[in-house]
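The values are calculated or read from the model by the stated rules, or taken from the named source; none is laboratory data. From a predicted model like this one, the values you see are computed outputs, not experimental measurements. FYI the Cβ positions are ideal-geometry reconstructions off the backbone, even for glycines, and counts take in every protein chain you see.
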């Protein structure tokens, strides 16, 4: 009996880990070619940050970071990401930064983005982007504070 309970508990813990990672990072439904959920809608974050160009990445140029897969349009962009992921990862787990500022986790659309002070912010739509732009420093700080609260709630639920 102890063996069955231990096995069931082990399986439950193993299955809950990816769900937690997915809750911390905005990912698409399904699994990428690398076996992890796809983040940023498959858009090349290096091209987005460096060139302001939301181009589609490819599974042939992918990296898995913190439980999510990221696709890139070229091997050079993949290398740039692998050398410094923090320079390219969207803030607030890739969720809409304005939504996070009001305590919600909305989908972050790479077509609606902002790079400010070297940080990438994604938004649900043009309206939430415009609302964020009204006061970037204050709204970014509020979003950072709320993100810390959202993450601590998620940890407490485990």
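Suppose we keep only residues that are outside any helix (DSSP H, G or I) and surrounded by fewer than 11 Cβ atoms within 10 Å (Cβ to Cβ) within the range 1-49. Which one would you say is modelled with the highest pLDDT?
So in the range 1-49, the residues outside any helix (DSSP H, G or I) come out as 1, 25-39, 43-44.
Adding the requirement that they be surrounded by fewer than 11 Cβ atoms within 10 Å (Cβ to Cβ) leaves 1, 29-30, 35.
On the way: 1: 50, 29: 77, 30: 78, 35: 89.
Checked the range 1-49; the qualifying residue modelled with the highest pLDDT is 35.
Look at residue 103 and say whether it is outside the structural domain of residue 43 (by TED's automatic domain parsing) and closer than 26 Å to residue 71 by Cα.
Working: outside the structural domain of residue 43 (by TED's automatic domain parsing): yes; closer than 26 Å to residue 71 by Cα: no.
When the stated conditions are applied, residue 103 does not pass them.
Every residue in the range 105-118 that is outside any loop (DSSP other than H, G, I, E, B) and either touching a strand residue (DSSP E or B) at 6+ places or on another chain (Cβ under 6 Å) or crowded, with 18+ Cβ neighbours inside 10 Å (or both), please.
Our first condition is that a residue be outside any loop (DSSP other than H, G, I, E, B); within the range 105-118, this holds for 109-116.
Passing the criteria: 109, 110, 112, 113, 114.
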For the range 90-104, which residues satisfy the criterion of being in a helix (DSSP H, G or I), buried (at least 22 other Cβ atoms within 10 Å of the Cβ) and under 10 Å from the mean Cα position of the chain (by Cα)?
92, 93, 94
Residue check, residue 61 against (1) outside any strand (DSSP E or B); (2) under 18 Å from residue 28 (Cα atoms), all met but one. Which one?
(1)
